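Okay, so here's the structure we're looking at.
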Amino acid sequence: MTTLVAVVKQAFRKPWRLAAETSAVLIALLVAFPLYWMVLSAFKPAGEVRGDHPVPWTLSPSLDSFRRVFEQEDFGRYFLNSVVVAVSVVIVSALIAFLAATAVTRFRFRLRTTLLILFLAAQMVPIEALTIPMFFLMRDVGALNTLTSLILPHIAFSLPFAIWMLRGFVKAVPESLEEQAFIDGAGRARFLWQILFPLVFPGLVATSVFSFISTWNDFLFAKSFIISAPENSTLPMALLVFLDNETPDWGGVMAASTVMTIPVLVFFVAVHRRLVSGLGGAVKD
C-alpha cells in the first residue's frame, strides 16, 4: 500500500512524464493490435473468420489455416528463396556500405560532397517510379525470372541509407586510433577489418535490420520480375494462392502472414542488443 501511494504521489509530481508514458503505452497497443488480429485470425476457425460480427477472441482455436498453408505446393521453396534473397542482400549491402562509408569519411577526393548528395537524393525517389526502368534493365542483362533480379535491386536501394548511417559511425571513430594502429605496425587492411569493423558493427546491425525487413516483405519486385518462373517466387507471392479464388481464404492469408513474420522476429531477437547500441550512438573519443 505504501508503495502504491508513493507511485501515485510521484505521478502527480511529474504529470508530463505520466502523460508521455501513457501515450507511449497507447501507441504501442495501437501498433501491436494489427499483429494481434493477424495471429488471432490465423488461429480462428473458418466460420469465425468469415463471420459478420468479428470478435477479438476465439473460444475454439484451430490449426486448419496453418495446415492449408504448409500443404500448399512449393511453400517450402518459396520460404527458402526468401531466405536466400534476404540474407544475400543483408551481407552484400553491409559489406559494400561499410567500405563506401569508410571511403567517403576517411579519404578526401573530388566530388565527394556531390556523391553524398546523390546518396541522399537516391532515397527520395520512390521505388514505384523505378520499377519499370529496372524491369527493362533486368530483361536486358538476362536476369528476369531469377533470384538475381530480386537481389540486385534491393542491394541498390539499401545502400544509400546504409552508407549515410554508417558514415556517422565511421566518423565517430577517432583518427588518433587509426594513427596509433599505424604506429604499431598495422596496415590499412588490418586496421579496416580488425579495428574499425568491430567498432562500427552495431551500425551495420542497425542497417541490416532495415534492409532485411524491406527485402523479406517485398512484393512489388517479386511480382514484377518473376513472371514465368514460379519456382523462383518468394513468400509474399505465396499469399496470392489464397486470394485467387472467388472467396478469399482470409484464414490462410493470416496464417501465411504469421509464418512470414516469425523469421523477422527471430532475426530481431538475435540482434536486438546490437541494434539498441547501434541506434543509440556510435563510438566516442
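For the reader, a short list of remarks on this structure follows.
- Candidates 161, 79, 107: whichever shows maximal mean-square fluctuation once the chain is modelled as a Gaussian network with Cα springs under 10 Å: 107
- Computed [θ] at 222 nm, helices only, for the chain once each DSSP H run of length n ≥ 4 contributes -39500 (n - 2.57): -24000 deg cm²/dmol
- log₁₀ of I(q)/I(0) at q = 0.21 Å⁻¹ - the range 65-198, Debye sum with one point per alpha carbon: -1.24
- Candidate residues 36, 78: accessible-area rank, largest first, probe 1.4 Å: 36, 78
- ³J(HN,Hα), Karplus 6.51/-1.76/1.60, whole Hz, each residue of the range 61-76, x for Gly, Pro: x, 9, 9, 4, 5, 5, 5, 5, 5, 6, 7, 5, 5, 6, 4, x
- Remark: the Cα gyration tensor places the range 6-95 in the oblate category, a/c being 1.5 or greater and a/b not exceeding b/c.
- The chain: equivalent-ellipsoid semi-axes (sqrt of 5 x gyration tensor eigenvalues, Cα, Å): 39, 32, 16
- When +1 charges are put on Lys and Arg Cβ atoms and -1 charges on Asp and Glu Cβ atoms, the dipole computed for the chain relative to its Cα centre reaches about 1340 debye.
- Most to least accessible of 214, 224 (protein chains only, probe 1.4 Å): 214, 224
- Residue by residue, the range 188-196 carries 3J(HN,Hα) couplings of 5, 5, 5, 4, 5, 9, 9, 10, 6 Hz when phi is fed to the Karplus relation 6.51 cos²θ - 1.76 cosθ + 1.60 (θ = phi - 60°); x denotes Gly or Pro.
- Solvent accessible area, Å² - residue 178, 1.4 Å probe, full protein context: 30
- The figure for residue 74 is an accessible area of roughly 70 square angstrom, using a 1.4 Å probe on the protein chains alone.
- Surface accessible to a 1.4 Å probe, residue 99 within the full protein complex, Å²: 80
- Report note on the peptides 43-51, 150-158, 24-32: ranked by the mean count of other C-beta atoms within 10 Å, highest first, their order is 150-158, 43-51, 24-32.
- Accessible area, probe 1.4 Å, largest first, for residues 57, 16: 16, 57
- 17 Å cut-off, amide nitrogen to a point 7 angstrom out along residue 139 Cα→Cβ, residues in the range 217-241: 221-229
- Amide hydrogen proximity for residue 44: with H placed 1.01 Å from N in the peptide plane, the residues at 5 or more positions away or on another chain lying under 5 Å are 62.
The values are calculated or read from the model by the stated rules, or taken from the named source; none is laboratory data. All values derive from a computational prediction rather than experimental measurement. Reconstructed Cβ throughout: ideal geometry from the backbone, glycine too, with neighbour counts over all protein chains shown. In case anyone asks, the SASA skips ligands and DNA or RNA and just uses the protein heavy atoms, side chains included. Shrake-Rupley method; radii C 1.70, N 1.55, O 1.52, S 1.80 Å.
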